[in-house]
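*Asks:* Before I ask anything, let me first share the structure, which is written out below as structure tokens.
Just so it is clear, none of the values below were taken in a lab; they were calculated from the coordinates. Remember, it's a predicted structure, so these values are computed and weren't measured experimentally. Here the Cβ is made from the backbone with ideal geometry for all residues, glycine too, and neighbour counts use every protein chain on show.
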Amino acid sequence: MKLLENKVALVTGASRGIGEAIAIKFAEQGANVAFTYLSSDEKAKVLEEKLVALGVKAKGYKSDAGNLKAAEQLANDVTKDFGTIDICVNNAGISRDNLLLRLTEEQWDEVMQANLKSVFNLTKQVIRPMMKNRAGSIINLSSIVGVKGNGGQSAYAASKAGIIGFTKSIAQEIGSRNIRCNAIAPGFIETDMTHYLKDGGAEKWFEKIPLGRFGKPEDVANAALFLASDMSLYVTGQVLQVCGGMST
Ligand code: NAP
């Protein structure tokens, strides 16, 4: 028996990186997968084909996570196409790293909209079908930087810390409806977002990571699978750190 058989999962920002790994992991475990992207049309098409080849229903939607109207439209379209939404992974995100003295208002706003407002936008929509089902799992991608902070990443860290506060509050608000809401706080995961970290030599980072390596998107996807599945039915309002022990 697969862990997500017959569940409908919506994953934002799945054309690349962690989101893509989550979409594939969920499909391998039997979930029908709706996913979004912003501009990577070709990659989204390839992913859709890959998911369908795994024997599930899958569809990519071009939808800006930072836009409330787009989130409303997305939730309606997915509910119409897939029948319901059982699992929502708010994964879409960006980074605009800069020291505060150089950080512009535009950069701050861009990060807040794509990373934090996006979580508000879609969570507000998906709790409707979940309340109807009296079941659901919402998983928000925070970051270890949202827990610890990091010089040069004040906007990104603030958006990711905001996600933790939001996650814990929503867990309290909708727990009585059997809807769970948890966050994942990854450390350094090898994707396009962290590509630049390797430029200065990966080894200096490895000293700070007890497991001695960067994480892989699949490491995060495994944690998402746990939180999405009935294996975590009594887990809500938590922040699962997937960071190779970096925060300890
Ligand atoms: P990534 O490789 O840069 O991929 C980002 C994904 O998000 C892409 O699919 C992109 O779509 C999509 N996206 C960006 N802005 C969007 C928007 N406004 N609307 C819809 N989709 C949007 O990033 P990643 O490393 O996989 O990160 C995924 C999540 O994990 C992010 O929330 C990130 O903050 C978090 N995280 C990552 C790390 C890490 O080390 N990588 C660590 C901690 C937390 P397009 O391809 O169309 O642009």
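*Asks:* Loop-only check: which trypsin sites (Lys or Arg not before Pro) in region 29-94 are DSSP coil with at most 15 other Cβ within 10 angstrom?
*Replies:* Numbers: sites: Lys43, Lys45, Lys50, Lys57, Lys59, Lys62, Lys69, Lys80; in loops: Lys57.
Passing sites in region 29-94 are Lys57.
*Asks:* Starting from 0.36 nm per residue, how many nanometres of slack lie between Asn133 and Thr248 once their C-alpha separation is accounted for? Numbers along the way, then the final one.
*Replies:* Values: separation 115, 0.36 × 115 = 41.40 nm, distance 3.83 nm.
Taking Asn133 through Thr248 to full extension adds about 37.6 nm, to one decimal.
*Asks:* ³J(HN,Hα) across region 77-90 via Karplus (A = 6.51, B = -1.76, C = 1.60, θ = phi - 60°), whole Hz, x for Gly/Pro?
*Replies:* 5, 5, 4, 5, 6, 10, x, 6, 9, 9, 9, 10, 10, 7
*Asks:* Report ³J(HN,Hα) in whole Hz for each residue of region 61-74, in order, from the Karplus equation J = 6.51 cos²θ - 1.76 cosθ + 1.60 where θ = phi - 60°; Gly and Pro get x.
*Replies:* Coupling constants for region 61-74: 10, 7, 8, 7, 4, x, 10, 4, 4, 5, 5, 4, 4, 4 Hz.
*Asks:* Here is a follow-up. Normalised by the number of residues in the chain, what is the relative contact order in percent for Cα pairs under 8 Å and 6+ residues apart? Kindly include the intermediate steps, with their values, before the conclusion.
*Replies:* Values: 504 pairs, mean separation 48.4, N = 248.
Relative contact order, the chain: 19 percent.
*Asks:* Here's a follow-up. Test of understanding: what is the full-extension gain from Ser169 to Glu72, defined as 0.36 nm times their sequence separation minus their Cα-Cα distance?
*Replies:* Values: separation 97, 0.36 × 97 = 34.92 nm, distance 2.14 nm.
Contour length minus Cα-Cα distance gives 32.8 nm.
*Asks:* Please compute the length gained on full extension between Arg213 and Lys59, using 0.36 nm multiplied by the number of residues separating them and subtracting their Cα-Cα distance. Can you show the working numbers first?
*Replies:* On the way: separation 154, 0.36 × 154 = 55.44 nm, distance 3.34 nm.
Stretched out fully, the Arg213 to Lys59 stretch lengthens by 52.1 nm.
*Asks:* Please list the non-local residues whose amide H lies under 5 Å from the amide H of Ile189, H modeled 1.01 Å from N, same-chain partners needing a gap of 5 or more.
*Replies:* Amide H to amide H, under 5 Å and 5 or more residues apart or across chains, Ile189 pairs with Gly215.
*Asks:* Still on this structure: When Ser143, Ser169, Ser95, Ser176 are ordered from fewest to most other Cβ atoms inside 10 Å of their Cβ, what list results?
*Replies:* Fewest-to-most ranking of Ser143, Ser169, Ser95, Ser176: Ser176, Ser169, Ser95, Ser143.
*Asks:* Tell me the label-point distance for the pair Asp192, Leu233, using the 7 Å Cα-to-Cβ offset, in nm and rounded to one decimal.
*Replies:* 3.9 nm
*Asks:* May I pose another question? If amide hydrogens are placed 1.01 Å from N in the peptide plane, which non-local residues have theirs closer than 5 Å to the one on Gln241?
*Replies:* Ala185
*Asks:* Among Lys45/Lys69; Lys59/Lys124; Lys45/Lys132, which pairs are too far apart, with a Cα-Cα distance over 27 Å? Numbers along the way, then the final one.
*Replies:* On the way: Lys45/Lys69 24 Å; Lys59/Lys124 21 Å; Lys45/Lys132 31 Å.
Pairs exceeding the cut-off: Lys45/Lys132.
*Asks:* Go through region 136-147 residue by residue and turn each phi into a ³J(HN,Hα) via Karplus (6.51, -1.76, 1.60, θ = phi - 60°); whole Hz please, and just put x for glycine and proline.
*Replies:* Once θ is set to phi - 60°, the couplings for region 136-147 become x, 9, 10, 10, 10, 7, 8, 6, 4, 5, x, 8 Hz.
*Asks:* At q = 0.10, 0.14 Å⁻¹, what is the base-10 log of I(q)/I(0) for the chain according to the Debye formula with one equal point scatterer per Cα and no solvent? Please give it to two decimals.
*Replies:* Log-scaled intensity ratios, in q order: -0.44, -0.88.
*Asks:* Work out which GluC sites (Glu not before Pro) in the chain are exposed loop sites (DSSP not H, G, I, E or B, at most 13 other Cβ within 10 Å) and give the longest gap free of them. Walk me through the numbers on the way to the answer.
*Replies:* Values: sites that count: Glu5, Glu207.
With GluC sites (Glu not before Pro) excluded where exposed in loops, the chain gives 6-206 as its longest stretch.
*Asks:* For region 1-104, calculate the relative contact order in percent as a whole number, restricting contacts to Cα pairs under 8 Å that are 6 or more residues apart. Display every interim value, and only then the final one.
*Replies:* Working: 167 pairs, mean separation 32.7, N = 104.
Value for region 1-104: 31 percent.
*Asks:* In debye to the nearest 20, how big a dipole does region 8-242 give about its Cα centre with +1 on each Lys and Arg Cβ and -1 on each Asp and Glu Cβ?
*Replies:* Working: 27 positive and 25 negative charges, 119 e Å.
It works out to roughly 580 debye.
*Asks:* Would you grab the residues whose amide H sits under 5 Å from the one on Val11? Only those 5+ places off in sequence or on another chain, please, with H modelled 1.01 Å from N.
*Replies:* Ala34, Phe35, Thr36, Val89
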